[in-house]
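So the structure is just underneath, and the comments pick up after that.
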Amino acid sequence: MMPSHAIAGEETGGDPEHLTQTARHQAQIDPLAALRAPGDPPWDVYLTGTVFLDIVFTGLDTAPVRGTESWARGMGSSPGGVANMAAALARLGLRTSLAAAFGDDHYGEYCWDALARGEGIDLTPSRTVPGWHSPVTVSMAYEGERTMISHGHEPPPEEPAPDCPPPARAAVASLTPGRRAPWIAQAAREGTRIFADVGWDDTGAWDLAGLADLEHCEAFLPNAEEAMRYTGSTCPKAAAHALTEHVPVAVVTLGADGAYAVDRRTGETAEVPAIAVEALDPTGAGDVFVAGFVTGTLAGWPLADRLALAGLTAALSVQEFGGSLSAPGWSEIGAWWRRVQSLETQNPAALRRYAFLDPLIPTHLDRPWPLRRAVPTIGFGRNT
């Protein structure tokens with residue numbers, strides 16, 4: 001719908017005791033500033049899961065061919081897995097707490113440092129596991145798609161999410177068919193708003209009853225294929241409406257066609273087209289989408305604005321390497337917004353769709369442009 005603008009990011013650091021201040025400085029905007037009050041939970045969002053080291057190859061013309069060697073024109077490394085979501089939330093100004101197991105190898109040290117010092121994410125509930133190797137995913141991007149190969153070992157059983165998650169306004173959960181996660185019910189009882197996505201059902205059952213923790217969720221964000229399979233619908237929009245029989249808010253991502261959402265409580269529906277971009281690496285785009293939607297929801301925005309921010313942040317993210325380090329902050333969003341407004345051929349109706357950004361974006365950035373993004377690789381010294 002709108003021309004894209006490739007936007008650089010920034011890298012910040014800070015002492016662990018100043019993680020929250022670091023995150024707010026990097027984001028530059030606190031979308032919940034008007035809502036904060038004494039007695040609020042210390043964290044805006046809590047999440048738990050597995051942190052991978054992602055190694056991403058881009059610039060491949062075709063899929064690798066058996067028995068041959070392929071050369072990629074680009075490569076990047078960054079924390080992946082649940083780190084994609086955590087970084088995206090922190091860069092949008094939300095105080096983010098992550099519970100995860102980290103290996104005590106160099107990969108684990110790099111991921112911990114990148115998330116805690118680079119992104120200002122609270123890792124107090126996380127643990128370093130002696131003798132455990134960090135899980136690794138190699139992702140190859142080509143022809144608008146990606147192929148992934150992962151390797152990892154199960155962490156010790158004493159390393160999962162805490163039984164009592166820290167107080168937070170919201171939590172993001174990845175539901176597993178046929179399995180409950182006790183922390184979800186615990187968090188919901190304490191007043192935490194649960195946002196959930198889901199992976200592919202390898203069992204082939206596609207039974208909503210198997211997603212038992214959906215009863216604790218405020219919003220469910222599957223893709224179109226998942227939504228249709230779970231509801232037996234042949235249309236993604238019909239699937240979204242069917243899902244609201246099980247969860248108050250259903251958001252169905254439609255790939256190149258954008259996203260569609262329904263809020264059962266208010267009767268709102270919203271549909272936002274995708275923003276056309278030249279994608280470098282789609283890794284983590286779905287996580288960035290969820291982070292944008294959570295941010296708009298906690299800020300109390302209308303459904304259409306929440307959906308628009310989610311789609312915009314996801315679109316900006318695919319123009320950079322890596323999942324976690326490609327997530328845009330408000331500086332990137334602001335630069336994009338100023339850029340599209342400056343185009344004489346811009347569709348006025350399209351501009352009005354994103355007018356909600358105006359009161360959020362400062363007229364002038366307080367730092368030089370372009371900003372320096374965290375380097376998506378491992379091995380350079382701190383003085384490089």
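The values are calculated or read from the model by the stated rules, or taken from the named source; none is laboratory data. Computed from a predicted model, the values in this text were never measured in an experiment. Heads up, the Cβs are rebuilt from the backbone with ideal geometry, glycines too, and the neighbour counts pull from every protein chain shown. The area values use the complete protein model at the heavy-atom level, side chains included, leaving out ligands, DNA and RNA. Shrake-Rupley method; radii C 1.70, N 1.55, O 1.52, S 1.80 Å.
Numerical summary
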{"quantity": "Separation of the GLU225 and ALA185 label points, Cα + 7 Å toward Cβ, nm", "calculated": "3.3"}
{"quantity": "Calculated P(r) tail over 19 Å for segment 216-330, as whole % of Cα pairs", "calculated": "42"}
{"quantity": "Segment 105-255: C-alpha gyration tensor shape, a/c 1.5 cut-off, then a/b vs b/c", "calculated": "oblate"}
{"quantity": "Karplus (6.51, -1.76, 1.60) ³J(HN,Hα), θ = phi - 60°, over segment 242-253, in Hz, Gly and Pro reported as x", "calculated": "5, 5, 6, 6, 10, 8, x, 10, 10, 10, 10, 7"}
{"quantity": "Restricting segment 60-120 to trypsin sites (Lys or Arg not before Pro) in coil, as DSSP defines it, with at most 10 other Cβ within 10 Å", "calculated": "ARG66, ARG73"}
{"quantity": "Where labels lie 7 Å past Cα in the beta-carbon direction, separation of THR269 and ALA349 in nm", "calculated": "1.8"}
{"quantity": "Accessible area in the full protein assembly, largest first, 1.4 Å probe, for ASP113, ASP54", "calculated": "ASP113, ASP54"}
{"quantity": "Projected label distance in nm at ARG127 and ASP113, using a 7 Å step from Cα toward the beta-carbon", "calculated": "2.4"}
{"quantity": "1.4 Å probe accessible area per residue over segment 139-265, in Å²", "calculated": "50"}
{"quantity": "Difference of contour (0.36 nm per residue) and Cα-Cα distance, SER342 to ARG36", "calculated": "106.7 nm"}
{"quantity": "Segments 305-312, 39-46, 145-152, 188-195 sorted - mean Cβ within 10 Å per residue, highest first", "calculated": "305-312, 39-46, 188-195, 145-152"}
{"quantity": "Long-range HN-HN contacts of PHE52 with modeled amide H, under 5 Å", "calculated": "GLY80, GLY81, VAL82, ALA83"}
